[in-house]
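Report on the following structure.
The values are calculated or read from the model by the stated rules, or taken from the named source; none is laboratory data. If you're wondering where the values come from, they're calculated on a predicted model, not measured in any experiment. Methodologically, a virtual Cβ is constructed for each residue, glycine included, from the backbone with ideal geometry; neighbour enumeration extends over all protein chains shown. These accessible areas exclude ligands, DNA and RNA; they are computed on the full protein's heavy atoms, side chains included. Shrake-Rupley method; radii C 1.70, N 1.55, O 1.52, S 1.80 Å.
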Amino acid sequence: MNLKIALLPGDGIGPEVIQQAVKVLDAIAEKYTHKFEYTKAAIGAVAIEKTGNPLPNETLQICTNSDAILLGTIADLKYNKNSKATILAEQGLLDLRKSLGLFANIRPLTTYNSLIHNSNLKEKVIKGTDFIIYRELTGGIYFSDKTLSEDGKTASDICKYNINEIDRIAHLAFNAARIRRKKLTLVDKASVLETSRLWRKRISEISKSYPNVKLNFMFADDAAKQLILNPKQFDIILTENLFGDILSDEASVISGSIGLLASASIGEKSALFEPIQNYSPLDKGKNIANPLASILAAAMLLDHFKLYEEAEDIRTAVEKSLELSISTPDLNETNHFSTTSVGNFLCDFILDDENTFYNKNNIDLGQSTII
Ligand code: IPM
Ligand code: MN
């Protein structure tokens, strides 16, 4: 298969982790004789520095003309923690999602047996957890009208949804539930919000077309608690933009590191793959950032094009690396490996056959991982 991939490394650790994702994709291309062509473009703080715009026109063009987009991370301290900054790096990502109509953000949460000890939660609570958050990505409070009064003392953000925005993601979520454990939980705050009541009404109607999927409703505050108390109860979580943002960060704690969570943002014509975005400015440039979220995002990209075996190869390699503790400091405090070494190991694992032995000592020396 030939794929044109737009590469948006972004800021902070973005360029480092994207580089590993590309390496792994290249290993897959070599193994299965695919052709992946990459075009790099600027977004976020680097784009502001270059052009004054966090999403330059050229970047949008490159994305529109590609089959898929692979994004690193967005935001630099200079822009996002500085309340006086008039242009925010994050706006680049929001504009990109909106311009390409990437309405469904899909965030899978899997637990790895070898990492269970890494989680702050008890093994018996998290073992076997496996759910996917379907987060609406181009509506709600993120994108509706915002105001700030002239005296700077009053501000507002409107939360608005129409049924088309609800329906299109609902069908994706129900279809996912249908081929999984057949349970869909709509997370909302219908006791307070009119938009939530509209979501409940539509989702109840749509659920009639999916008789095998069990639908239940949960308030967002309860969901925040249930994710920690009993995450195994969830199969598909469907929710609006802001609740999905918050709950997916919370969910990352279950797996042991936010550096593991990948996501796909899907629209009618475009698809973007990215880590769930939690920028760690202190890791930048040190070759210590966890590349797995980015690499697992590349696996989701392959899934999107129905290259299931290839995607599974990446996941198997990732599992192996975790099993052997070939991982970055966030997962492995005492005997950790660099960002590049983790990437090298995964490539070697993908390209080599099953009977290979791995020599961990060679990995950090930048030598082959194979003995
Ligand atoms: C995410 C991020 C973004 C969001 C930021 C960077 C705008 O937190 O992808 O979850 O809030 O959607
Ligand atoms: Mn977020």
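Listed values, structure above:
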| item | result |
| --- | --- |
| Test: residue in segment 251-271 that is of a type in the set (S, T, N, Q), more than 17 Å from A6 (Cβ to Cβ) and either at pLDDT 95 or above or away from ligand 1 (no atom under 13 Å from the Cβ) (or both) | yes |
| Identity of the residue in segment 273-320, within 16 Å of ligand 2 (Cβ to nearest atom) and among the polar types (S, T, N, Q), that ends up nearest to V253 (Cα to Cα) | N278 |
| Single match in E30, E16, E58 (criterion: over 21 Å from V318 (Cβ atoms) and open to solvent by 10 Å² or more (accessible area, probe 1.4 Å)) | E58 |
| Helices (runs of 4 or more DSSP H) completely within segment 9-125 that count 1 or more residues being touching a residue at least 60 places away in the same chain (Cβ under 8 Å) and closer than 24 Å to K269 by Cα | 14-32, 57-64, 90-100 |
| Any hit, segment 280-302, residues being touching a residue at least 24 places away in the same chain (Cβ under 8 Å), polar (S, T, N, Q) and at positive phi | yes |
| Residue match in segment 292-305 (condition: out of contact with any strand residue (DSSP E or B) (no Cβ under 9 Å at 6 or more places or on another chain), open to solvent by 10 Å² or more (accessible area, probe 1.4 Å), more than 16 Å from ligand 1 (Cβ to nearest atom) and not β-branched (V, I, T)) | no |
| Failed item, numbered, when K269 is tested on (1) touching a strand residue (DSSP E or B) at 6+ places or on another chain (Cβ under 6 Å); (2) open to solvent by 10 Å² or more (accessible area, probe 1.4 Å) | (1) |
| Residues of segment 231-246 classified as open to solvent by 10 Å² or more (accessible area, probe 1.4 Å) and near ligand 2 (Cβ under 10 Å from one of its atoms), total | 3 |
| Given (1) assigned by TED's automatic domain parsing to the domain that holds I62; (2) modelled with pLDDT of 90 or more; (3) of a type in the set (D, E), index of the condition D283 fails | (2) |
| Residue selected from segment 141-196 under the condition acidic (D, E) and over 21 Å from D245 (Cα atoms), by the criterion most open to solvent (accessible area, probe 1.4 Å) | E150 |
| Condition check for E274: assigned by TED's automatic domain parsing to the domain that holds R135 and within 16 Å of ligand 1 (Cβ to nearest atom) | no |
| Residue under evaluation Y308, criteria (1) at pLDDT 95 or above; (2) more than 15 Å from ligand 1 (Cβ to nearest atom); (3) open to solvent by less than 10 Å² (accessible area, probe 1.4 Å), criterion not met | (3) |
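Residue-wise test of (1) modelled with pLDDT under 55; (2) among the hydrophobic types (A, V, I, L, M, F, W, C); (3) assigned by TED's automatic domain parsing to the domain that holds V17.
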| position | (1), (2), (3) |
| --- | --- |
| S341 | no, no, yes |
| N344 | no, no, yes |
| D348 | no, no, yes |
| D353 | no, no, yes |
| I363 | no, yes, yes |
| Q367 | yes, no, yes |
| I370 | yes, yes, yes |
